[in-house]
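Visitor: Next up is a structure, given as structure tokens.
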Amino acid sequence: MESSVREEKFLDVASDTKVPAIDSPQPPSLNSDAERRLLRKLDWILLPLFTAIYCCNFIDRTSIGNARVAGMETDLKMKPFDLNIALTVFYICYCSADIPSNLALKHFGSVWLAFLVIGFGIVTLLSAFLRDMTGLLVNRAFLGFCEGGTLSALMYIISRYYRRHELVLRVGIFFGVSPSLAGAFGGLLASGLLKLPDMGIVASWRKIFLIEGLITLIFGLLLLVICPEDPNKSRILNEEERALAIARIDADQVVKTQGQKERTTVRLVLRSFNFITMSCTVCYIMLNMSFQGLSLFMPTVIRSLSKTGRASTSGNRAYSLILQGTVEVQLRTVPPYVASGTWVVINAYISARIKKRFIPLLCNTMLMAVGYILSVATKNPHARYAACFLTMMGASVCGPVLLTWGTDNAAPDTMKAVVTAAIPGFGAVGAILAVWTYSPTDAPDYRKGNLANLSSTSAVCVIVSITAAYIHWENKKRERGGRDYRLAGKTGEELLKLGYKHPQYSSLLGTHGSAIREN
């Protein structure tokens with residue numbers, strides 16, 4: 001083949017290089033004022049909506065950490081490791097739901113996402129009426145099944161609207177900022193709800209679950225009407241905009257599909273678990289260990305570092321001081337989330353501009369490592385609080401970049417649905433590990449958890465470097481025509497199903513701006 005045909009290799013990042021169409025010319029409307037207007041419209045509609053959805057998801061998932069500080073363990077007569085068991089049950093169900101949920105989304109459309117939000121809103125609301133450990137386990141299991149497919153669904157839907165070189169900034173905004181906003185807002189909301197008068201049997205921590213679940217439920221019902229469908233039938237776009245949206249996605253594909261999806265097969269599902277997907281998944285597991293551990297246990301960590309002990313006081317004065325200390329802990333969780341939200345947008349913008357994934361990943365895993373070194377090396381409360389900032393900022397960047405990296409290199413559509421589910425789904429194993437690395441017996445220093453996360457972030461540095469080197473090698477091989485044999489004797493349908501294995505597919509990996517072609 002001509003060398004010009006192979007200008008697009010595995011993309012270390014999203015490349016804006018145009019992929020030459022095999023069966024149709026590139027539409028002349030691209031790179032026009034109409035496309036820029038469409039992009040602005042999508043940004044103003046999809047990004048706030050998806051950020052709000054994932055905020056609800058994250059707040060409902062991590063509110064158990066705030067409820068724990070507010071006395072949930074005492075009221076439910078929980079033993080030291082009962083919370084760890086409940087969180088483990090949640091994440092096991094979360095992992096098992098992800099891929100089936102995304103395949104259901106591919107079949108049923110965006111209404112599936114609305115049902116997921118309604119589901120975890122109801123489950124969170126019912127958490128306000130828990131009476132014992134058995135009820136908590138059942139509740140966490142159902143919450144895991146409902147929340148498992150949410151992030152995957154958002155990633156899949158957004159990848160159907162944006163071109164690959166545009167994806168990292170948008171994912172950085174909704175996926176990177178949402179946990180930070182949710183963490184900050186969740187702490188503020190929890191502290192505010194604890195000050196409200198009790199509502200019958202709904203007292204103290206139960207108010208957190210009741211109000212947060214009710215907000216999510218109402219929002220989920222609204223999504224039944226406003227949640228966007230695929231570009232070829234989306235109600236948020238007019239006919240001209242729909243045609244342009246489909247043309248934009250086709251411009252990144254070797255074989256044009258006009259927005260149509262191929263039939264889901266077991267072979268395509270299994271093919272999704274290639275080297276890039278597995279590499280991103282393993283890194284996501286290790287990073288999730290850090291992020292989820294801090295998200296779930298930061299209120300407890302901060303409380304252990306704060307001099308809020310007021311045990312010598314008694315009566316109403318003692319209760320008032322305990323409540324004041326609890327609210328103080330909730331509020332002190334906010335600044336690290338605010339800092340990480342700002343940091344992730346900056347890094348997503350830089351990654352989009354330089355068209356690289358590898359560099360932001362490497363730099364931010366190193367930032368996390370510095371944070372854990374501080375946590376292990378010192379017991380100074382101020383230094384350890386500063387370490388929370390560094391680790392939260394680094395983890396907030398790495399998660400969205402890894403997920404984008406894997407999605408950018410997933411094709412055809414079935415693979416995209418599986419990969420967008422597999423990375424965060426199996427990545428939730430990291431959250432299970434976090435539950436046990438930050439065990440109650442390790443308090444207040446949590447040395448074992450911090451050492452485990454220091455080791456895992458160091459391993460991520462190595463894995464992303466190996467992945468970047470592999471991508472560079474694969475791109476060079478495709479440039480030389482080393483993968484052209486895959487085209488021999490293929491029909492049009494078979495070419496479509498080649499996906500990322502197509503010699504002209506531009507894959508977004510992690511070193512330089514070209515890649516195996518996306519389809």
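The values are calculated or read from the model by the stated rules, or taken from the named source; none is laboratory data. Nothing here was measured: the structure is a model prediction, and the numbers come from that model. With ideal geometry, Cβ positions are generated from the backbone for all residues, glycine too; neighbour counts draw on all protein chains shown.
Visitor: Can you name every one of the helices (runs of 4 or more DSSP H) wholly within the range 142-257 that holds 2 or more residues which are farther than 20 Å from Leu116 by Cα?
Guide: It comes to 164-171, 177-194, 205-226, 239-250.
Visitor: Any idea how many residues of the range 427-446 are assigned to a helix (DSSP H, G or I), farther than 17 Å from Leu154 by Cβ and touching a residue at least 24 places away in the same chain (Cβ under 8 Å)?
Guide: 11
Visitor: For a quick check of your reading of the model, give me the residue pairs whose first member lies in the range 35-51 and is at pLDDT below 90, whose second is aliphatic (A, V, I, L, M), with beta-carbon atoms closer than 8 Å and at least 6 apart or on different chains.
Guide: Within 8 Å, the pairs are Glu35/Leu244.
Visitor: Give the range 415-464 a look and list any residue that's at pLDDT 85 or above and out of contact with any helix residue (DSSP H, G or I) (no Cβ under 7 Å at 6 or more places or on another chain), or say none.
Guide: Ser455, Val462
Visitor: Taking Leu498 and the conditions (1) at pLDDT 75 or above; (2) of a type in the set (A, V, I, L, M, F, W, C); (3) out of contact with any strand residue (DSSP E or B) (no Cβ under 9 Å at 6 or more places or on another chain); (4) closer than 21 Å to Asp252 by Cβ, which numbered condition does it fall short on, given that it satisfies the others?
Guide: Condition not satisfied by Leu498: (1).
Visitor: Among the residues of the range 62-76, write down those that are closer than 18 Å to Phe90 by Cβ and at pLDDT 85 or above.
Guide: Scanning the range 62-76 gives Ser63, Ile64, Ala67, Met72, Glu73, Leu76.
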